[in-house]
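A.B. asks: First the structure, then my questions, so here it is.
Please treat every number below as a calculation from the coordinates, not as lab data. What you see is a predicted model, and the numbers here were worked out from it, not measured in a lab. Here the Cβ positions follow ideal geometry from the backbone for every residue, glycine too, while neighbour counts run over all protein chains shown.
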Amino acid sequence: MLTLTNISKQIDQRQILKAVSLTVKDGETLCIVGPSGAGKTTLLRIITGLIDYDQGQIQLNQREFRPSRDNLQQGVIGGVFQDFRLFPHLTTLENVMLAPKLTGLLSADEARQQATELLTQLGLEQQAQQYTFQLSGGQKQRVSIARALALKPQILCYDEPTSALDPNLRDSVSQLLLQLKQTGMTQIVVTHDLTFAEQIAAQTYHLAPLQ
Amino acid sequence: MSWQYFTGIFPALLSGTSMTLSIFGLTLLLALPLGLLVSVGLRSHFKPLRALLDFYVWVMRGTPLLLQLIFVFYGLPLIHLVLERYSAALFAFVLNYATYFAEIFRGGLQSVDQGQIEAAQMLKLKPKQIFMHIILPQVNKKVIPAIGNEVINLVKDSSLVYVIGLGDLLRAGNIAMARDVTLLPLLAVAAIYLVLTAVLTWLLRRAERHYAYYE
């Protein structure tokens, strides 16, 4: 269970987040919704540890957890970026096996096997040897999810998972997220797409822009 | 007469070519990693280091290599730092070329999207792993054409070592020209330089192709 209590953040002397409190229970999918500029992405960057917060507290399973320090070491919270950020010089398979191999989580052979399994689960076995520029947007997103799953995170975060895709792909993304939910994965999804949020979420958190 | 003449001066030219290749090869071998290190230092958050490296790059790029060669060989002994000719030449070449490579690598490093680094951080990769596995391969692809230019320049610049009395290819040609009062040795020298640069151009194209597998 991830709990945020009174999280505040200023960037360049502008208050982006003020006293944000929310809880995500294990296996639950939480949608953070709100208009542009409300600080959704900033909140997600704090949760994944890419930036630190100024005030407040974060707890993971009732223990204090500072993502910028703890998550970048432990990798318990994985992330899928809006623009995917796949590594262009690596094949799809290499993208997925790189982190478990380099961090010592798995041997090279195990990492390769796991990556093959993940890509198969996500319907990408044909693309394993392709480079990312050869993939469609939807395929890139699934590779990005596979890459995050390869580190066996407890929680998976998505930043606007539908915004870089064709509208007709929205359903397949929601299917995928529901499928992952069934495996027990805890998910946090930032989106401005309320229909998508309704399709996938058990719980919604509205983030309003600060005046 | 000409063919016999060429075979006669060939051993001298060959010996000069080996000096040219030796200066070229060792400079490349040492200046490339040094340039990469300097480029990383130029992006450091530690201001004194950045200022020091900026000064180093400014001095080495702002003065002629010929002057630097003279300074290293004739000037450093004034502060009791005596280098023999070959070491002095190599020292000046490496210090000089490292700055050009550093500027090229700096541009390459800047061009790597910050998002790539964040993605790698999220995957628990350590800074050194991010540099070696994510940043460097992408930088290499971008810098090869510019590095290639400097590599070709380096072959030709190596002729400057004559100023401290080293016998490179051009010097071998000059000696033969002065002795025999003919321009033919210089034609042979030009031909050898052209062959060297043709081989290097071919190798550089191969290196570019090696990284052409992705966009």
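A.B. asks: ³J(HN,Hα) across the stretch A:84-96 via Karplus (A = 6.51, B = -1.76, C = 1.60, θ = phi - 60°), whole Hz, x for Gly/Pro?
C.D. replies: Per residue, the Karplus-derived 3J(HN,Hα) values read 6, 6, 6, 8, x, 8, 10, 6, 3, 4, 5, 4, 7 Hz.
A.B. asks: Most mobile of B:F93, B:F46, B:F105 per a Gaussian network model of chain B (Cα springs, under 10 Å)?
C.D. replies: B:F46
A.B. asks: What translational D, rounded to a whole number of µm²/s, comes out for the stretch B:17-123 from Stokes-Einstein when the hydrodynamic radius is the Kirkwood one over Cα pairs, at 10 °C and 1.306 mPa s?
C.D. replies: Result for D is 103 µm²/s.
A.B. asks: Would you mind calculating the relative contact order of chain A from Cα pairs under 8 angstrom and at least 6 residues apart, reporting the percent as a whole number?
C.D. replies: Worked out over chain A, it gives 31 percent.
A.B. asks: Let me ask something else about it. Could you list A:H206, A:H89 so that the one with the fewest beta carbons within 10 Å of its beta carbon is first and the one with the most is last? Don't skip to the answer; put the middle values down first.
C.D. replies: On the way: A:H206 11, A:H89 20.
Ascending number of Cβ neighbours within 10 Å: A:H206, A:H89.
A.B. asks: Explain nothing, just the number: relative contact order of chain B, from Cα pairs under 8 Å at least 6 residues apart, as a whole percent. Walk me through the intermediate numbers first.
C.D. replies: On the way: 199 pairs, mean separation 61.0, N = 215.
Relative contact order comes out at 28 percent.
A.B. asks: Moving on. Provide a whole-number value for the mean count of partner chain Cβ atoms within 10 Å of the Cβ atoms in peptide A:81-88.
C.D. replies: On the way: counts 4, 1, 3, 2, 9, 2, 9, 9.
Mean partner shielding for this stretch: 5.
A.B. asks: Tell me, what ³J(HN,Hα) does each residue in the stretch B:175-183 have, in order and in whole Hz, if you take phi through Karplus 6.51 cos²θ - 1.76 cosθ + 1.60 with θ = phi - 60° and put x for Gly and Pro?
C.D. replies: Using θ = phi - 60°, the values come out as 4, 5, 5, 5, 5, 9, 6, 8, 8 Hz.
A.B. asks: On to the next question. Out of B:L53, B:L187, B:L13, any idea which swings most in a Gaussian network model of chain B, alpha carbons joined below 10 Å?
C.D. replies: Checking each option, the largest mean-square fluctuation is seen for B:L187.
A.B. asks: If you take the square roots of the eigenvalues of the alpha-carbon gyration tensor of the stretch B:11-67 and sort them as a ≥ b ≥ c, do you get rounded (a/c under 1.5), prolate (a/b over b/c) or oblate?
C.D. replies: oblate
A.B. asks: Based on Cα positions only, what radius of gyration and what Dmax would you give for the stretch A:2-206, in angstroms?
C.D. replies: Here Rg and the maximum Cα pair distance are 16.7, 48 Å.
A.B. asks: Then there's this: Using only Cα atoms, locate the centre of the stretch B:34-63 and the centre of the stretch B:86-105, then give the distance between them in Å, rounded to an integer.
C.D. replies: 13 Å
A.B. asks: Let me ask something additional. With each run of n ≥ 4 DSSP H residues scored as -39500 (n - 2.57), what mean residue ellipticity at 222 nm is computed for the protein assembly as shown after dividing by its residue count and rounding to the nearest 500 deg cm²/dmol?
C.D. replies: The helix contribution divided over the protein assembly as shown gives -18000 deg cm²/dmol.
A.B. asks: Here's a follow-up. For a quick size check, give me the Cα extents of the stretch B:121-179 along its three principal axes, largest first, whole Å.
C.D. replies: Between the extreme Cα coordinates on each principal axis of the stretch B:121-179 lie 68, 21, 11 Å.
A.B. asks: Of A:K9/A:K181; A:K9/B:K126; A:K152/B:K47, which sit over 28 Å apart, Cα to Cα?
C.D. replies: From A:K9/A:K181; A:K9/B:K126; A:K152/B:K47, over 28 Å: A:K9/A:K181; A:K152/B:K47.
A.B. asks: Given the alpha-carbon gyration tensor of the protein assembly as shown, what are the semi-axes of its equivalent ellipsoid in whole angstrom, ordered largest first, with each equal to the square root of 5 times an eigenvalue?
C.D. replies: Numbers: eigenvalues 680, 124, 52 Å².
Over the Cα atoms of the protein assembly as shown, the ellipsoid semi-axes are 58, 25, 16 Å.
A.B. asks: So, one more: Once phi is turned into θ = phi - 60°, what whole-Hz ³J(HN,Hα) does the Karplus curve with 6.51, -1.76 and 1.60 give for every residue of the stretch A:110-116, x standing for Gly and Pro?
C.D. replies: 3J(HN,Hα) across the stretch A:110-116, in whole Hz: 5, 5, 5, 5, 4, 4, 4.
A.B. asks: Which residue, A:L194, A:L119, A:L43, tops the fluctuation ranking in a GNM of chain A built on C-alpha contacts under 10 Å?
C.D. replies: Ranking A:L194, A:L119, A:L43 by mean-square fluctuation puts A:L194 first.
A.B. asks: Over the Cα atoms of chain B, how large are the radius of gyration and the largest Cα-Cα distance (Dmax), in Å?
C.D. replies: That works out to 20.7, 72 Å for Rg and Dmax.
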